[in-house]
Structures are given as C-alpha cells and as structure tokens.
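Asks: Sharing a structure with you now.
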Amino acid sequence: MKRIALLGATGSIGRQAIEVIGAHPDLELVAATSGSQPIDGLARLTQVGGDPTELLERAQPDLVLNAVVGFAGLVPTVWALEHGVTLALANKESLVAAGELALAARRRGQGDLIPVDSEHSALFQCAQLGEPESLVLTASGGPFRGRTREELADVTPEQALAHPTWSMGPKITIDSATLANKGLEIIEAHFLFAVDYDRIEVIIHPPSIVHGIVRFRDGASVAHLGYPDMRVPISYALTYPERAATPIPPLELQTLVFEQPDPETFRMLALAREAGEKGGTYPCAYNAANEVAVQAFLERRIGFLDIAALVEDALGHVDGSPARDLAELVEADRRARELVAVT
Ligand code: NDP
Ligand code: MG
C-alpha cells in the first residue's frame, strides 16, 4: 500500500488525483489539505489553511502529491525533498522559484522527484532511455494563438479562461493564455533535467497530443503522445515505477501539426527564458510578479497585456542575487510582489 498525502485536494489536479487514488487498490489517501475551501467527504484526513508541516509529520506518507497553486506550494515541496519522501510535483511554481534550494534539499533527502506537469512527465518517461541532449516542450498556444498584440488589448478574463484543450484551475489557465505557463515550464525543465536553457525548445502544437520530445546525441528523438488528460501523468507519478490502467482510451493516430511561437505577442515566454538564464532569484521574481499580475487580471484591475508589462517592469527593478536559504527566498518573493504596481 502506498500512503499518499495530497496538498491542494480541492483543485483541478487534487480532484482528479482523488479519482485516480480511489480507483487503485494499492493507493491510500492518508492526508489532504486545501487553502480555504472545505474538502468534501475527507474531513477525517484534512487540514484547511495554515502550515501543512504538522499534518505531513503526523501522516508520515510514502508520497506527497503537491497540487497547491502558486508559491504557497513551497513548504510541502521542501518538506518532501528534505525528508526523502517521494514528491509527485504538480506545483511547478515552487520548483521555479526555489530551484537551486529545492535540488540541494533533494540531494540531502535522496528521494524521488516525479513531475506531474504533463510535459515534464512525458520528458521524464522519455529520458529513461538515455541522457537528454536537448528537450522540446509542446504548448497548445492557448485561446489566443494567432492573435496580434492589438487584438489582445481588450480580451476579458472569460475569454482567457476558455482553454481549447485542457480543463484546469484559473491561474494556470491564464498562464496558458499568456504563455507564462510555458515560460515556467522551461525553468521547471531546466531544474528537473539539468539541461541548459539554450537546449530547451518550445513548439506550438495545438491539439496537445505530443506532450514532450527528448533528443539524444545519436540523432534519435523520442516523443510521448496521448490524449490531453491529467489523470495520465497523475496516475504515472502515483504508481511509478509501475504503470496502472486508467479509463483514458488508447490514442487514435492523427496528423500532427507544429508551429513556432510568436515571441513578440507572447512576451512572457521570452521573459521566463531571460529570468532563467540570469538565475539567482530572477525566476522567483518572475513567478511572484506573474502571480500578482494574474490575480489583478482575473479581478479586472488590469488588462491582459499589462500582465507581461508589469512582470517585465518588476524584473527590471529586482535584485536577483541568489537566496542562501528559504528565508531569503521568501523575502525575494515578497519584494518582487511589492514591485508589481497594481492597486
Ligand atoms: P486549482 O486552482 O484548481 O487548485 C489549487 C489548489 O491549491 C486548491 O486545492 C486550493 O485550495 C489550494 N490552495 C490555493 N492556495 C493555497 C494556499 N495558500 N495554501 C494551501 N493551499 C492552497 O489549481 P490546479 O489544480 O489547476 O493547479 C495546481 C498546480 O498544478 C499548479 O501549480 C498548476 O500550475 C499545476 N498544474 C496544473 C494542471 C492542471 O491541469 N490543472 C496541469 C499541470 C500543472 P482552495 O480550493 O481551498 O482554494
Ligand atoms: Mg504543463
């Protein structure tokens, strides 16, 4: 029996994880948390709000599934990595913000870190065949693929929330519309696979069938394909190194189309790459500024194009020097949030 602690149980990933766990006789949910909503039917196992450390210490899980959204996911990420407890990581923001510190914690804890993000789950599976020479992350392009900047000036949160292929929580859905999600994923891939930024490519692939491609030095490239359904990477991460059955049908082959991203319109992609290459706490600041800007957009306090403008401005003003410990990282996150000038 694998004993699982689920952080972010009320969210999009959290609810799908409860379904996957319920369908598998060898998976047991022993603890669950949410931010502020009650967790239906799981009262005995749960904690709403606050620091999850005590719950994790009490539950002593075999695996932590971190499905919290945003920088708030930092605590369970670090707890699992420090304690050598297998971490199934959906919360990409914690790895982006805390990359170096998280990897140092993992070296001390010696546990497994298994990505749940679909592209990274795909790359993780492909990378079992050899050392990656370079990586390709696919992006659907979001609801505004093919639009010009002028056409995006007045788009509403409702339009941005209408994702063409994936059904997800609001923050990541807006990130998919700005391509900040793919920006975060470039940094996530850099830390997960120790591949330099100039060897991580992004390609637009509207049907979201190919999730990731690993290129090897002998000229072979291996791709991971499947219907866009997060229950597949969730199930993989929870049952690794085994592969359990899921209700998702086998893939019917179809024509696969790819196109280049438009970096002028979708500035968040280039800004992520720059922040990643600069290193230090620049990725933390990119993430923090984006979180504040996305919330402001969802609350209609700023326009869609202001998200990238505000993040770019904040990145121009931060001190991106590396954080020596978690307290310094939390401080870098706080300062970057303050720099985002929205009221
Ligand atoms: P949701 O917004 O649907 O769910 C977020 C979860 O986090 C909820 O359970 C929420 O609780 C909880 N939460 C929010 N704030 C806090 C906080 N301060 N402290 C503790 N818990 C909190 O998000 P998603 O499920 O869409 O995404 C979760 C993570 O997975 C994100 O990092 C996202 O980038 C990543 N991811 C998601 C994918 C998807 O398909 N949804 C795909 C790939 C990655 P409450 O309900 O009480 O607010
Ligand atoms: Mg993804």
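Values in this text are rule-based calculations from the coordinates and carry no lab data. Just so we're clear, the structure is a prediction, and the values are computed from it rather than from any experiment. Cβ: placed from backbone, ideal geometry, glycine included. Neighbour counts: every protein chain shown.
Asks: Measure out, as a whole number of angstrom, how far apart the alpha-carbon centroids of segment 209-283 and segment 39-89 sit.
Replies: Going from one Cα centre to the other spans 25 Å.
Asks: Pop out the ³J(HN,Hα) list for segment 238-253 in order, Karplus 6.51 cos²θ - 1.76 cosθ + 1.60 with θ = phi - 60°, rounded to Hz; leave Gly and Pro as x.
Replies: Result, rounded to whole Hz: 6, 10, 3, x, 8, 9, 8, 5, 10, x, 7, x, x, 6, 8, 5.
Asks: Non-local amide H neighbours of ALA88 (under 5 Å, H modeled in plane, Pro and chain starts lacking H): which ones?
Replies: VAL64, LEU65, ASN66, ILE114
Asks: Scale the Cα Rg of segment 174-319 by the rule-of-thumb value 2.2 N^0.38 Å and send over the ratio, two decimals. Please report the intermediate quantities before stating the final value.
Replies: Values: Rg = 17.3 Å, N = 146, 2.2 N^0.38 = 14.6 Å.
It is 1.19.
Asks: Expressed in whole Å with the largest first, what are the equivalent ellipsoid semi-axes of the chain derived from the C-alpha gyration tensor as the square root of 5 times each eigenvalue?
Replies: Semi-axes from the Cα gyration tensor: 28, 25, 21 Å.
Asks: Let me ask something else. Which of the peptides 32-45, 73-86, 120-133, 328-341 is most tightly packed, and how do the rest follow, going by the mean number of other Cβ atoms within 10 Å of each residue?
Replies: Result, highest mean Cβ count within 10 Å first: 73-86, 120-133, 328-341, 32-45.
Asks: Please turn the phi angles of segment 126-131 into ³J(HN,Hα) values with the Karplus equation 6.51 cos²θ - 1.76 cosθ + 1.60 (θ = phi - 60°), one per residue in order, whole Hz, x for glycine and proline.
Replies: 5, 6, 6, 8, x, 6
Asks: Among the lysines in the chain, how many pairs, 8 or more places apart or on different chains, have alpha carbons under 20 Å apart?
Replies: Value for the chain: 5.
Asks: Continuing with this model, one more query. Using each residue's phi in segment 63-79, evaluate 6.51 cos²θ - 1.76 cosθ + 1.60 at θ = phi - 60° and report the 3J(HN,Hα) Karplus result to the nearest Hz, with x for Gly and Pro.
Replies: 8, 10, 9, 8, 10, 6, 9, x, 4, 4, x, 4, 4, x, 4, 5, 4
Asks: Which FRET efficiency, nearest 0.05, do ARG3 and VAL48 yield, Cβ-Cβ r, R0 30 Å? Could you put the intermediate results ahead of the total?
Replies: Values: r = 21 Å, r/R0 = 0.69.
Once rounded, the FRET efficiency stands at 0.90.
Asks: Also: Roughly how big is the chain's charge dipole about its Cα centre, with Cβ charges of +1 (Lys, Arg) and -1 (Asp, Glu), in debye to the nearest 20?
Replies: It comes to approximately 480 debye.
Asks: Treating segment 83-151 as a set of equal point scatterers at the Cα positions, no solvent, please give the Debye-formula log₁₀ I(q)/I(0) at q = 0.21 Å⁻¹.
Replies: -1.03
Asks: Quickly estimate the mean residue ellipticity at 222 nm for the chain, helices only: each DSSP H run with n ≥ 4 gives -39500 (n - 2.57), and the total goes over all residues, rounded to 500.
Replies: -13500 deg cm²/dmol
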